[in-house]
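The next block holds one structure in the form of structure tokens; read it before the comments.
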There are 2 protein chains.
Amino acid sequence: MNNRPIQLAILGLGTVGTGVVELLQNNLDEMTRRTGREIKITHVGTRRNRTDIPTDIKQSADLLAIIQQDDVDIVVELMGGTTTAKEVILAAIEHGKHIVTANKALLAEHGNEIFAKADANGVKVAYEAAVAGGIPIIKILREGLAANKIDWLAGIINGTGNFIMTEMRDKKRDFADVLAEAQALGYAEADPTFDVEGIDAAHKLTLLASIAFGIPLQFDKVYCEGITKITQQDVRYANELGYRIKHLGFAKRRILDSGEEGIELRVHPTLIPKQVLLANVNGVKNAIMVDAEPVGQTLYYGSGAGAGATASAVMADVVDMVRALAETNDSTANLVPHLAFQPETLNNTRILSSDEMITGYYLRLQVKDDLGVLAEVTRILSESKISIDAILQQPAHDDTSTDLPVIIMVDPVVERNMNEAIAKIEALDTVTDKVIRIRLDELMQ
Amino acid sequence: MNNRPIQLAILGLGTVGTGVVELLQNNLDEMTRRTGREIKITHVGTRRNRTDIPTDIKQSADLLAIIQQDDVDIVVELMGGTTTAKEVILAAIEHGKHIVTANKALLAEHGNEIFAKADANGVKVAYEAAVAGGIPIIKILREGLAANKIDWLAGIINGTGNFIMTEMRDKKRDFADVLAEAQALGYAEADPTFDVEGIDAAHKLTLLASIAFGIPLQFDKVYCEGITKITQQDVRYANELGYRIKHLGFAKRRILDSGEEGIELRVHPTLIPKQVLLANVNGVKNAIMVDAEPVGQTLYYGSGAGAGATASAVMADVVDMVRALAETNDSTANLVPHLAFQPETLNNTRILSSDEMITGYYLRLQVKDDLGVLAEVTRILSESKISIDAILQQPAHDDTSTDLPVIIMVDPVVERNMNEAIAKIEALDTVTDKVIRIRLDELMQ
């Protein structure tokens, strides 16, 4: 066994990169007690020279030079972005370096190519930090639940979105108002599109779904709906009905009527029962609920972002690699396939179109104060084989409105039927506005 | 790479053993897709012959013969007990077999000896199933959080106890009544001592503390208090004050006034705030909250017992071993030390006596309806440097009583001071009964 220190190059010294440098300074003893081998940063890739890091670490802006150095075993990519990061990672793999990255966008969009290249070059790409920050969900799915058949998972995997939904509920504030605060607090970017439109969650869901089901990464097939249209009114009605609205990523395996297997990949606001743990995950926290056979339902909760949580995940990957390298001292070392399943066994299970997805629904209609309207609406739903779970006619929260809101909750239904029914309902004279629809899931086994 | 199947001997065919056999039948394809290598049961150790398992599996009651067979790579011990199980495991280790076990009592009490022997013989003993059933908490602590310094953990790690506490709260039933139901449902044994006195939780806490802090297993130093004295009255007062009573195992690292580091290992009923996730873990479910630096607080939830959850954990260990064996094909293979830290680096950090522990407290006093009594009680608390967080004087729930209950919640205090104060309070003429004391923890960072 070769016991020289394992040498890291850290590319990118933003919040997370700096967090990793600090973590190694603070917890090196604890890590060495665990691994039996020292871990050392030899290079950092940074555009401008930094005076706040140890002087024995070489600094350079020339990333393609760093990844070729002999005193680098593992390249830790923390730059973000999908252009330079991709180029540098592919080059590092060609030079036989192992990769640790937090870059969910890069892997969701180009992971199939990157993992294939890594396998061909006998190196590993680890990405615990790419999903749900400090929660070791990649390890849990790839290893901890390795004996299970995973049926579905549902996750709060974007902290910004969850902060906004939590504030809207607790403080009765509007979306735009909370978003502005999230930006001021640094939870949301100046351009919040990735967070509030669900793109960041879709990147993470892409990774989770692959390692749960053993399918290639297919970001372009994720159905993605943001939280920008959620109103205070719906948050309150949901609450009165015993639900909370959460922005969730779902990956679900289903047997279709044809007998074929299909997979739903979807990110959207969802009403879930108040009393389930997932509904009680507040603020910027993340959580993933997994339903698997035979373990049943398990849930994993923690910080999804921030320097400390992300550095924790990055260094957990490094520790895994140190252990593998210490054991075999060869560059093919690693025991877990990139996407949990052996590459040649990945399934081409069809990712279902949104038309084919099945979910419950919360519907809010604005209707004229006319007794006949409910009869017409229930007839339309029944024609589309949609079963009503509850109807609630409420006085308008907004006193200035002359119309009445009607809330209808329906049992899980194929989306095609729902679309058809809503088109008919919106065509009624007595329905005065577009139907508001938010998906609903009881999260039961 | 040697690709012959990995061969298992399953010792013990009770609920869990049968669950493992079934899991391998149901999910073998899924596991083989993950590992790239077949897993096969070649032997089962069972007292009476079983007709419900595949005929190609050899059955025998002679465990010491089974563990010597050449067609056994991994011995899976699911018998329970600490006598035969210990003898068989030590013999298997001597014969160069890897061990997977769900036996928390055996490891908590004899793990130091067993792990030392395994290390000396170049084999591994895996025990994911020994703590919290299907929640992969051993992997999470040993690997997922490997870069962290763990400050404390608090766990609901006995499902029977949590079922009883949940029913007492939700249905306003008494301890004895719920216990009888738990026994009827098969959640509790005919002799429920291990569960309701906290011994089972103490076994699990022993294991968790070692891998969290890097200390030897020290079951005999765990402070252990059961739930048998919790009354309906205290459950209700706790609820009125915004708390729930949970039976928790705590492992906590502290710097003492002397500058020395000390560790608290304790199992006891605890008031925790209603809104924290841990307070919302109901029924037979388990959950462990971990507070670590830099990841912050994370929580892990799932089924703590039952055939499916336990089999999931057992087979996760097997899959880990299969991966390690496939990679290196030698019997020293394994990348994670038994107790998370390298054996020679385990610390002899002192386990604190109960006198030295620091927790908040809920106190319930029965007092004569005399205004002076509160002044006396607060003076006594103040003399022992105990800071009062809240006082609540309530009408007695029990109308037949002439005395009044007084509830006092105090901030964290060294137990020695609390004992001293309570002795003085109980000596007061105006205090008519023993003081009821239940620990309290806000679970804040």
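The values are calculated or read from the model by the stated rules, or taken from the named source; none is laboratory data. Since the structure is predicted, the reported quantities are computational estimates derived from the model, not experimental observations. Note that we place each Cβ from the backbone using ideal geometry, even for glycine, and neighbour counts take in every protein chain shown. The accessibility values were calculated without ligands, DNA or RNA, using every heavy atom of the protein model including side chains. Shrake-Rupley method; radii C 1.70, N 1.55, O 1.52, S 1.80 Å.
Structure data summary
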{"item": "B:I150 vs. criteria among the aliphatic types (A, V, I, L, M) and within 12 Å of chain A (Cβ to nearest Cβ)", "result": "yes"}
{"item": "Failed condition for A:V281, given (1) on the phi > 0 side of the Ramachandran plot; (2) touching a helix residue (DSSP H, G or I) at 6+ places or on another chain (Cβ under 9 Å); (3) in the same structural domain as A:I199 (by the TED database)", "result": "(1)"}
{"item": "Filter result for the condition that a residue is closer than 15 Å to B:A9 by Cα and touching a residue at least 60 places away in the same chain (Cβ under 8 Å), over B:A61, B:A118, B:A65, B:A102", "result": "B:A102"}
{"item": "Count of segment B:218-227 residues which are under 21 Å from B:D195 (Cβ atoms) and either touching a Ser or Thr at 6+ places or on another chain (Cβ under 7 Å) or in a strand (DSSP E or B) (or both)", "result": "4"}
{"item": "Enumeration of residues in segment B:144-182 that are among the basic types (K, R) and within 27 Å of A:I137 (Cα to Cα)", "result": "B:K149"}
{"item": "Criterion (without any contact (Cβ under 8 Å) to a residue 60 or more places away in the chain, farther than 24 Å from A:F115 by Cβ, in contact with a Phe, Trp or Tyr (Cβ under 6 Å, 6 or more places away or on another chain) and not β-branched (V, I, T)) met by exactly one of A:L299, A:L271", "result": "A:L299"}
{"item": "Lone qualifier among A:V123, A:V178 - being assigned to a loop (DSSP other than H, G, I, E, B), away from chain B (no Cβ under 14 Å) and open to solvent by less than 20 Å² (accessible area, probe 1.4 Å)", "result": "A:V123"}
{"item": "Where a residue in segment B:40-52 is farther than 15 Å from B:L78 by Cα and its partner, wherever it lies, is among the acidic types (D, E) and part of a loop (DSSP other than H, G, I, E, B), with Cβ under 6 Å and at least six apart", "result": "B:T42/B:D71"}
{"item": "From A:I135, A:I140, residue being part of a helix (DSSP H, G or I) and either under 11 Å from A:H338 (Cα atoms) or in contact (Cβ under 8 Å) with a residue 24 or more places away in the chain (or both)", "result": "A:I140"}
{"item": "Residue selected from segment B:1-16 under the condition open to solvent by less than 30 Å² (accessible area, probe 1.4 Å) and not in a loop (DSSP other than H, G, I, E, B), by the criterion farthest from B:D73 (Cα to Cα)", "result": "B:L11"}
{"item": "Breaking point among (1) at pLDDT below 95; (2) among the β-branched types (V, I, T); (3) not assigned by the TED database to the domain that holds A:F175, for A:I255", "result": "(3)"}
{"item": "Filtered residues of segment B:229-243 (kept if open to solvent by 10 Å² or more (accessible area, probe 1.4 Å), in contact with a Pro (Cβ under 9 Å, 6 or more places away or on another chain) and closer than 25 Å to B:D195 by Cβ)", "result": "B:K229, B:I230, B:Q233, B:Y243"}
{"item": "Residue list for segment A:279-322, restricted to those being open to solvent by 10 Å² or more (accessible area, probe 1.4 Å), within 30 Å of A:E22 (Cβ to Cβ) and at the interface with chain B (Cβ under 7 Å from one of its Cβ atoms)", "result": "A:Y301, A:S303, A:G308, A:D320"}
{"item": "Count of residues meeting criterion [in a strand (DSSP E or B) and either on the phi > 0 side of the Ramachandran plot or under 20 Å from the mean Cα position of the chain (by Cα) (or both)] in segment A:228-253", "result": "10"}
{"item": "Any hit, segment B:93-101, residues being within 26 Å of B:A201 (Cα to Cα), open to solvent by 10 Å² or more (accessible area, probe 1.4 Å) and among the basic types (K, R)", "result": "no"}
{"item": "Residue identified as assigned by the TED database to the domain that holds B:I263, modelled with pLDDT of 95 or more and touching a Leu at 6+ places or on another chain (Cβ under 7 Å) among B:A108, B:A147, B:A130, B:A188", "result": "B:A147"}
{"item": "Looking only at segment B:17-31, and only at residues there that are of a type in the set (A, V, I, L, M, F, W, C) and more than 8 Å from every other protein chain (Cβ to nearest Cβ), the one that is surrounded by the most Cβ atoms within 10 Å (Cβ to Cβ)", "result": "B:V20"}
{"item": "Residue match in segment B:244-257 (condition: without any contact (Cβ under 8 Å) to a residue 12 or more places away in the chain, open to solvent by 10 Å² or more (accessible area, probe 1.4 Å) and more than 14 Å from chain A (Cβ to nearest Cβ))", "result": "yes"}
{"item": "Some residue of segment B:45-52 being farther than 19 Å from B:V322 by Cα, open to solvent by less than 20 Å² (accessible area, probe 1.4 Å), of a type outside the set (K, R) and assigned to a strand (DSSP E or B)", "result": "yes"}
{"item": "Segment A:349-375: number of residues that are under 20 Å from A:D411 (Cβ atoms) and either of a type in the set (G, A, S) or open to solvent by 10 Å² or more (accessible area, probe 1.4 Å) (or both)", "result": "8"}
{"item": "Neighbours by Cβ (under 7 Å, 6+ apart or cross-chain): first from segment A:336-360, over 12 Å from A:R254 (Cα atoms); second open to solvent by less than 50 Å² (accessible area, probe 1.4 Å) and polar (S, T, N, Q)", "result": "A:L339/A:S210"}
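Per-residue answers, yes or no, for (1) open to solvent by less than 40 Å² (accessible area, probe 1.4 Å); (2) on the phi > 0 side of the Ramachandran plot:
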{"position": "A:A65", "(1), (2)": "yes, no"}
{"position": "A:D70", "(1), (2)": "no, no"}
{"position": "A:G80", "(1), (2)": "yes, yes"}
{"position": "A:N103", "(1), (2)": "yes, no"}
{"position": "A:K117", "(1), (2)": "no, no"}
{"position": "A:Y127", "(1), (2)": "yes, no"}
{"position": "A:G133", "(1), (2)": "yes, yes"}
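Table: residues versus (1) modelled with pLDDT of 95 or more; (2) surrounded by fewer than 17 Cβ atoms within 10 Å (Cβ to Cβ); (3) small (G, A, S).
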{"site": "A:E383", "(1), (2), (3)": "yes, yes, no"}
{"site": "A:I388", "(1), (2), (3)": "yes, yes, no"}
{"site": "A:H397", "(1), (2), (3)": "no, yes, no"}
{"site": "A:V413", "(1), (2), (3)": "yes, no, no"}
{"site": "A:I422", "(1), (2), (3)": "yes, no, no"}
